[in-house]
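All of the numbers you see were taken from the coordinates with simple rules; none came from a lab. No experiment lies behind these values; they were computed from the predicted model shown. Here Cβ is always computed from backbone atoms with ideal geometry, including for glycine, and neighbour counts include all displayed protein chains.
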Amino acid sequence: MKIRKLAALGLTLAMSLSMFSSVAMAEEETETETEEELVITEDIQEIIDRGILRVGVKNAVEGFGYQDTLTGEYSGMEIDIATMIAEELGVDVEFTTVTAATRTELLDSGDIDCVIATFTITDERRESWDFSTPYYTDHVTVLVKDSSEITTLEDLVDKTVGVSSGSTSARSLVEAMIEAEVISGDDYDADTFDAALWTEGVSFRQYDDYPAISTALEADEVDAFCVDKSILAIYKTEGRSYIDAEFAPQEYGVATTKDSGFSAYVDILINRWLEDGTIDGLIEEYALD
Ligand code: GLU
């Protein structure tokens, strides 16, 4: 009996010791791994030498990228992510307001180091830019005037919809209408789809920015305004409603120059903040869930 007890004690001790050492080892490995992975490549060194991380952000998407018109201060989850990346690099952060139409040009020209601006990750875009692991998923919907009596995808048949140039919105709406079987989609080809040319069951007018679409909706130049729900929120004023459909999940990622060292650096940080609850904390702080 005594021997058995002692043996059991020995086993427990051995188990807890080995558990302790494997925990310690795991911690050690993670630390070394993280240190090894956050490599300062030449492009990152340029940012560090400049002392400023230049980030393209939205200025009218509440909770994501929003600029106070009086103070000029930006706030939101995407602003915080940008600030945290800059802190990690030990540099200041500088924000440039971008739109769906301008964000990639500014990144390509080197005016900004990354885009953190409700930028949806798509396979097509991945061919031109790197995207981090997604930090948020939104959906697309449609805003209409209550007086239009449009409430469903079906009601949008033969209507004209305002979308932003350079956005996923028109394609998302057409795919949702085909899926809901309210338009046939016989002529739909994902590879060649062009919002400006599409006329089968619904047509589009493209605008450079969202205030312009909102004005067009008010003036009945378009019957509806389609984009991500996060972006539409600020334009959902009295007498306007969303239709009864949300579709096309939009995964937002940080976009960086293709194959740059900074892409890998940013992705490690986003993954770290996804794992340690920082991103969830921001979603909660800005009431984005
Ligand atoms: N998130 C969508 C996109 O990337 C909507 C456009 C926008 O972000 O302004 O296309």
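A few notes on this one:
- Once backbone amide H atoms are built at 1.01 Å from N, Asp92 has Ile52, Leu53 as its partners under 5 Å, excluding neighbours fewer than 5 places away on the same chain.
- Between segment 250-271 and segment 50-109, the alpha-carbon center distance in angstrom: 15
- Asn59 long-range amide H proximity, modeled H, under 5 Å: Val98
- The phi-based Karplus calculation (6.51 cos²θ - 1.76 cosθ + 1.60; θ = phi - 60°) puts the 3J(HN,Hα) values of segment 43-53 at 5, 6, 4, 4, 5, 5, 5, 5, x, 9, 9 Hz, whole numbers, x for Gly and Pro.
- Cα gyration tensor, segment 102-213 - rounded (a/c under 1.5), prolate or oblate: prolate
- Taking only the Cα atoms of segment 130-289, the radius of gyration and Dmax are 17.5, 52 Å.
- With 0.36 nm allotted per residue and the present C-alpha distance subtracted, the Thr199-Asp276 stretch has 23.0 nm of extension available.
- Backbone phi angles across segment 169-174, fed through the Karplus curve with coefficients 6.51, -1.76 and 1.60 (θ = phi - 60°), yield HN-Hα couplings of 4, 4, 4, 4, 5, 4 Hz in residue order; Gly and Pro are listed as x.
- Helix 261-275 and the longest principal axis of the Cα set of the chain meet at an angle near 80°.
- Taking 0.36 nm per residue of separation and subtracting the Cα-Cα distance, full extension of the segment from Ala219 to Tyr242 would add 6.5 nm.
- Computed over the chain, the P(r) tail beyond 29 angstrom holds 44 percent of alpha carbon pairs.
- Of Lys58/Lys159; Lys229/Lys258; Lys58/Lys236, those spanning more than 26 Å from alpha-carbon to alpha-carbon: Lys58/Lys159; Lys229/Lys258
- Gyration tensor over alpha-carbon atoms, segment 228-289, equivalent ellipsoid semi-axes in Å: 30, 16, 10
- The distance between label points at Ala180 and Asp289 comes to 2.9 nm (points 7 Å beyond Cα on the Cα→Cβ vector).
- Near-label residues of segment 78-120 by backbone N, under 14 Å of a point 7 Å along Cα→Cβ of Ile52: 91-97, 111-114
- For the chain, adding -39500 (n - 2.57) for each run of n ≥ 4 DSSP H residues and dividing by the number of residues yields -12000 deg cm²/dmol at 222 nm.
- For Gly162, the residues whose amide H sits under 5 Å from its own are Arg205, Asp223, Ala224, Phe225, Cys226, ignoring neighbours fewer than 5 places away on the same chain, with H placed 1.01 Å from N.
- ³J(HN,Hα), Karplus 6.51/-1.76/1.60, whole Hz, each residue of segment 154-165, x for Gly, Pro: 4, 5, 7, 4, 6, 9, 10, 10, x, 9, 8, 5
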